[in-house]
Amino acid sequence: MDEFLARLARFERTFFPRYEQTYRRLVQEGQHPKALFIGCSDSRIVPHVLMNAGPGELFIARNVGNLVPPWDMSAGFHGTAAAIEFAVLQLQVHNIIVCGHSHCGAIRGLYEEPPPAARHLRAWLDLARDAVLPVRESPEALRRVEQRSILLQLERLMSYPMVAQRVQAGQLFLHGWYYVIEDGQVLVLDTESGRFEPLSHQIGAAGDATAPATA
(Lines give C-alpha, C1' and ligand atoms only; values in the text may rest on other atoms or scores of the structure.)
Protein backbone atom coordinates (compact mmCIF):
# COMPACT_ATOMS: atom_id res chain seq x y z
CA MET A 1 0.00 0.00 0.00
CA ASP A 2 2.93 2.35 0.59
CA GLU A 3 3.59 2.26 -3.16
CA PHE A 4 0.06 3.48 -3.93
CA LEU A 5 0.27 6.20 -1.30
CA ALA A 6 3.48 7.38 -2.92
CA ARG A 7 1.70 7.53 -6.26
CA LEU A 8 -1.07 9.61 -4.71
CA ALA A 9 1.54 11.99 -3.41
CA ARG A 10 3.04 12.30 -6.90
CA PHE A 11 -0.44 13.06 -8.27
CA GLU A 12 -0.87 15.91 -5.80
CA ARG A 13 2.64 17.19 -6.33
CA THR A 14 3.15 16.90 -10.09
CA PHE A 15 0.05 15.86 -12.05
CA PHE A 16 -2.69 18.00 -10.50
CA PRO A 17 -0.83 21.32 -10.83
CA ARG A 18 -0.53 20.73 -14.58
CA TYR A 19 -4.30 20.28 -14.92
CA GLU A 20 -5.55 22.43 -12.07
CA GLN A 21 -7.30 24.93 -14.32
CA THR A 22 -8.93 22.10 -16.26
CA TYR A 23 -10.27 20.53 -13.07
CA ARG A 24 -11.54 23.88 -11.81
CA ARG A 25 -13.31 24.53 -15.10
CA LEU A 26 -14.88 21.05 -15.03
CA VAL A 27 -16.17 21.76 -11.52
CA GLN A 28 -17.58 25.16 -12.46
CA GLU A 29 -19.08 24.17 -15.80
CA GLY A 30 -19.78 20.49 -15.09
CA GLN A 31 -18.67 17.53 -17.12
CA HIS A 32 -19.56 17.22 -20.79
CA PRO A 33 -17.91 14.02 -22.08
CA LYS A 34 -18.69 13.10 -25.64
CA ALA A 35 -18.42 9.35 -25.16
CA LEU A 36 -19.45 6.59 -22.78
CA PHE A 37 -16.75 3.91 -22.72
CA ILE A 38 -18.01 0.49 -21.62
CA GLY A 39 -14.90 -1.58 -20.96
CA CYS A 40 -13.66 -4.59 -19.09
CA SER A 41 -12.38 -4.39 -15.52
CA ASP A 42 -9.22 -6.20 -16.69
CA SER A 43 -6.20 -4.41 -15.19
CA ARG A 44 -4.45 -4.45 -18.57
CA ILE A 45 -7.06 -2.12 -20.07
CA VAL A 46 -6.43 1.58 -19.39
CA PRO A 47 -9.05 3.60 -21.32
CA HIS A 48 -7.45 7.01 -20.86
CA VAL A 49 -4.11 5.72 -22.10
CA LEU A 50 -5.74 3.84 -24.98
CA MET A 51 -7.54 6.97 -26.17
CA ASN A 52 -5.01 9.58 -25.04
CA ALA A 53 -7.84 11.22 -23.12
CA GLY A 54 -7.64 13.79 -20.37
CA PRO A 55 -9.95 14.82 -17.51
CA GLY A 56 -13.58 15.28 -18.54
CA GLU A 57 -13.33 13.56 -21.92
CA LEU A 58 -14.63 10.07 -21.12
CA PHE A 59 -17.49 8.74 -19.01
CA ILE A 60 -16.43 5.21 -18.12
CA ALA A 61 -18.36 2.14 -17.02
CA ARG A 62 -16.26 -0.98 -16.41
CA ASN A 63 -17.26 -4.48 -15.40
CA VAL A 64 -16.14 -8.08 -15.82
CA GLY A 65 -16.33 -8.78 -19.56
CA ASN A 66 -17.54 -5.34 -20.72
CA LEU A 67 -21.12 -6.64 -20.62
CA VAL A 68 -24.41 -4.75 -20.91
CA PRO A 69 -27.26 -5.90 -18.66
CA PRO A 70 -30.81 -5.89 -20.07
CA TRP A 71 -32.72 -2.65 -19.63
CA ASP A 72 -35.80 -4.54 -18.35
CA MET A 73 -33.92 -5.36 -15.12
CA SER A 74 -34.40 -9.09 -15.67
CA ALA A 75 -30.80 -9.47 -14.52
CA GLY A 76 -31.42 -7.36 -11.42
CA PHE A 77 -30.02 -3.97 -10.50
CA HIS A 78 -26.67 -3.07 -11.98
CA GLY A 79 -24.43 -0.02 -12.01
CA THR A 80 -23.69 -0.39 -15.72
CA ALA A 81 -27.37 0.08 -16.60
CA ALA A 82 -27.48 3.17 -14.40
CA ALA A 83 -24.30 4.48 -16.06
CA ILE A 84 -25.83 4.05 -19.51
CA GLU A 85 -28.98 5.93 -18.50
CA PHE A 86 -26.97 8.69 -16.84
CA ALA A 87 -24.61 9.08 -19.79
CA VAL A 88 -27.42 9.24 -22.36
CA LEU A 89 -30.10 11.13 -20.46
CA GLN A 90 -28.07 13.45 -18.23
CA LEU A 91 -24.77 13.90 -20.03
CA GLN A 92 -26.22 13.44 -23.54
CA VAL A 93 -23.12 11.74 -24.90
CA HIS A 94 -22.90 11.36 -28.66
CA ASN A 95 -21.04 8.05 -28.69
CA ILE A 96 -21.11 4.76 -26.80
CA ILE A 97 -18.07 2.52 -27.20
CA VAL A 98 -18.17 -1.14 -26.19
CA CYS A 99 -14.53 -2.19 -25.98
CA GLY A 100 -13.66 -5.86 -25.63
CA HIS A 101 -10.18 -7.31 -25.70
CA SER A 102 -8.04 -10.36 -26.32
CA HIS A 103 -7.32 -12.90 -23.56
CA CYS A 104 -10.48 -11.91 -21.69
CA GLY A 105 -10.91 -13.89 -18.48
CA ALA A 106 -14.67 -13.41 -18.58
CA ILE A 107 -14.95 -15.06 -21.98
CA ARG A 108 -12.68 -17.89 -20.91
CA GLY A 109 -14.93 -18.25 -17.88
CA LEU A 110 -17.77 -19.22 -20.22
CA TYR A 111 -15.85 -22.41 -20.97
CA GLU A 112 -14.82 -23.11 -17.38
CA GLU A 113 -16.88 -23.51 -14.24
CA PRO A 114 -16.50 -20.50 -11.90
CA PRO A 115 -15.61 -21.26 -8.28
CA PRO A 116 -18.68 -22.56 -6.36
CA ALA A 117 -18.75 -19.45 -4.17
CA ALA A 118 -18.85 -17.10 -7.19
CA ARG A 119 -22.64 -16.93 -7.46
CA HIS A 120 -22.68 -13.37 -8.79
CA LEU A 121 -19.99 -14.11 -11.36
CA ARG A 122 -21.79 -17.20 -12.64
CA ALA A 123 -25.02 -15.25 -13.24
CA TRP A 124 -23.17 -12.24 -14.69
CA LEU A 125 -21.31 -14.26 -17.31
CA ASP A 126 -24.64 -15.54 -18.64
CA LEU A 127 -24.97 -12.11 -20.28
CA ALA A 128 -22.35 -13.28 -22.80
CA ARG A 129 -23.54 -16.88 -23.07
CA ASP A 130 -25.24 -16.39 -26.44
CA ALA A 131 -21.88 -15.44 -27.97
CA VAL A 132 -20.37 -18.86 -27.25
CA LEU A 133 -19.60 -21.03 -30.27
CA PRO A 134 -20.41 -24.76 -30.17
CA VAL A 135 -16.77 -25.68 -30.66
CA ARG A 136 -13.96 -26.78 -28.39
CA GLU A 137 -12.04 -24.07 -26.57
CA SER A 138 -9.03 -22.79 -28.50
CA PRO A 139 -7.26 -19.44 -28.86
CA GLU A 140 -9.03 -18.82 -32.17
CA ALA A 141 -12.44 -19.79 -30.77
CA LEU A 142 -11.96 -17.54 -27.75
CA ARG A 143 -11.04 -14.61 -29.97
CA ARG A 144 -14.13 -15.12 -32.09
CA VAL A 145 -16.34 -15.33 -29.00
CA GLU A 146 -14.75 -12.18 -27.56
CA GLN A 147 -15.72 -10.34 -30.72
CA ARG A 148 -19.16 -11.95 -30.92
CA SER A 149 -19.82 -10.81 -27.36
CA ILE A 150 -19.16 -7.19 -28.35
CA LEU A 151 -21.84 -7.50 -31.03
CA LEU A 152 -24.20 -9.01 -28.48
CA GLN A 153 -23.69 -6.10 -26.08
CA LEU A 154 -24.27 -3.56 -28.85
CA GLU A 155 -27.51 -5.31 -29.70
CA ARG A 156 -28.56 -5.27 -26.06
CA LEU A 157 -27.83 -1.54 -25.85
CA MET A 158 -30.58 -1.01 -28.38
CA SER A 159 -33.06 -2.44 -25.87
CA TYR A 160 -32.60 0.76 -23.85
CA PRO A 161 -35.38 3.09 -25.07
CA MET A 162 -33.30 6.25 -24.64
CA VAL A 163 -30.46 4.67 -26.63
CA ALA A 164 -32.70 3.43 -29.45
CA GLN A 165 -34.49 6.78 -29.74
CA ARG A 166 -31.27 8.76 -30.04
CA VAL A 167 -29.65 6.29 -32.41
CA GLN A 168 -32.66 6.43 -34.72
CA ALA A 169 -32.59 10.24 -34.55
CA GLY A 170 -28.92 10.32 -35.52
CA GLN A 171 -27.96 11.86 -32.18
CA LEU A 172 -26.10 8.85 -30.78
CA PHE A 173 -23.67 6.41 -32.36
CA LEU A 174 -22.66 2.97 -31.14
CA HIS A 175 -19.16 1.62 -31.70
CA GLY A 176 -17.59 -1.79 -31.21
CA TRP A 177 -13.85 -2.00 -30.53
CA TYR A 178 -11.64 -5.02 -29.99
CA TYR A 179 -8.28 -4.35 -28.34
CA VAL A 180 -5.55 -6.87 -29.12
CA ILE A 181 -3.41 -6.44 -26.02
CA GLU A 182 -0.30 -8.20 -27.27
CA ASP A 183 -0.20 -6.15 -30.49
CA GLY A 184 -1.24 -2.78 -29.09
CA GLN A 185 -3.85 -2.66 -31.85
CA VAL A 186 -7.53 -1.75 -31.74
CA LEU A 187 -9.81 -3.38 -34.29
CA VAL A 188 -12.94 -1.38 -35.10
CA LEU A 189 -16.29 -2.88 -36.05
CA ASP A 190 -17.25 -2.24 -39.63
CA THR A 191 -21.03 -2.33 -39.48
CA GLU A 192 -21.41 -3.07 -43.19
CA SER A 193 -19.28 -6.22 -43.16
CA GLY A 194 -19.85 -7.10 -39.49
CA ARG A 195 -16.09 -7.65 -39.14
CA PHE A 196 -13.54 -6.05 -36.87
CA GLU A 197 -11.00 -4.26 -39.03
CA PRO A 198 -7.68 -2.53 -38.32
CA LEU A 199 -7.99 1.13 -37.43
CA SER A 200 -6.16 2.08 -40.63
CA HIS A 201 -9.16 0.79 -42.62
CA GLN A 202 -11.44 3.21 -40.79
CA ILE A 203 -9.38 6.39 -40.93
CA GLY A 204 -10.16 8.35 -44.03
CA ALA A 205 -13.15 6.20 -44.95
CA ALA A 206 -16.09 8.09 -46.33
CA GLY A 207 -18.84 8.77 -43.78
CA ASP A 208 -19.00 7.37 -40.28
CA ALA A 209 -17.80 3.76 -40.49
CA THR A 210 -18.98 3.14 -36.95
CA ALA A 211 -22.57 4.27 -37.30
CA PRO A 212 -25.33 2.75 -35.17
CA ALA A 213 -24.74 -0.97 -34.79
CA THR A 214 -27.46 -3.48 -34.08
CA ALA A 215 -25.82 -6.61 -35.50
Conditions first: (1) assigned to a loop (DSSP other than H, G, I, E, B); (2) among the small types (Gly, Ala, Ser); (3) on the phi < 0 side of the Ramachandran plot. Gly170 passes all but one, so which condition is the exception? (3)
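Of everything in region 125-138 that's of a type outside the set (Asp, Glu) and under 21 Å from Leu189 (Cβ atoms), which residue is surrounded by the most Cβ atoms within 10 Å (Cβ to Cβ)? Lay out the reasoning, then the answer.
Initial filter on region 125-138 (of a type outside the set (Asp, Glu)): 125, 127-129, 131-136, 138.
Going one step further and asking which of them are under 21 Å from Leu189 (Cβ atoms), we end up with 127-129, 131-133.
Values: Leu127: 23, Ala128: 26, Arg129: 10, Ala131: 21, Val132: 17, Leu133: 13.
That would be Ala128.
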Select from region 150-170 the residues that are out of contact with any Gly (no Cβ under 6 Å at 6 or more places or on another chain) and closer than 24 Å to His201 by Cα and write down the one among them that is surrounded by the most Cβ atoms within 10 Å (Cβ to Cβ). Gln153
Evaluation of Val27 against (1) at pLDDT below 95; (2) out of contact with any helix residue (DSSP H, G or I) (no Cβ under 9 Å at 6 or more places or on another chain) (one fails), failing number: (1)
Name the single residue, out of those in region 123-167 being of a type in the set (Gly, Ala, Ser) and in a loop (DSSP other than H, G, I, E, B), that is farthest from Ala35 (Cα to Cα). Ser138
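Matching residues to (1) closer than 27 Å to Glu197 by Cα; (2) buried (at least 23 other Cβ atoms within 10 Å of the Cβ); (3) within 15 Å of the chain's Cα centre (by Cα); (4) among the polar types (S, T, N, Q):
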{"residue": "Val68", "(1), (2), (3), (4)": "yes, yes, yes, no"}
{"residue": "Trp71", "(1), (2), (3), (4)": "no, no, no, no"}
{"residue": "Ala75", "(1), (2), (3), (4)": "no, no, no, no"}
{"residue": "Gly79", "(1), (2), (3), (4)": "no, no, yes, no"}
{"residue": "Leu89", "(1), (2), (3), (4)": "no, no, no, no"}
{"residue": "Ile96", "(1), (2), (3), (4)": "yes, yes, yes, no"}
{"residue": "Ser102", "(1), (2), (3), (4)": "yes, no, yes, yes"}
{"residue": "Leu110", "(1), (2), (3), (4)": "yes, no, no, no"}
{"residue": "Pro115", "(1), (2), (3), (4)": "no, no, no, no"}
The one condition Met158 fails out of (1) modelled with pLDDT of 95 or more; (2) over 18 Å from Trp71 (Cα atoms); (3) of a type outside the set (Lys, Arg); (4) touching a helix residue (DSSP H, G or I) at 6+ places or on another chain (Cβ under 7 Å) is (2)
Inspect region 101-109 for any residue being over 24 Å from Val186 (Cβ atoms), charged (D, E, K, R) and free of Cβ contacts under 8 Å to residues at least 60 places away in the same chain and give the result as yes or no. no
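The values are calculated or read from the model by the stated rules, or taken from the named source; none is laboratory data. Remember, it's a predicted structure, so these values are computed and weren't measured experimentally. With ideal geometry, Cβ positions are generated from the backbone for all residues, glycine too; neighbour counts draw on all protein chains shown.
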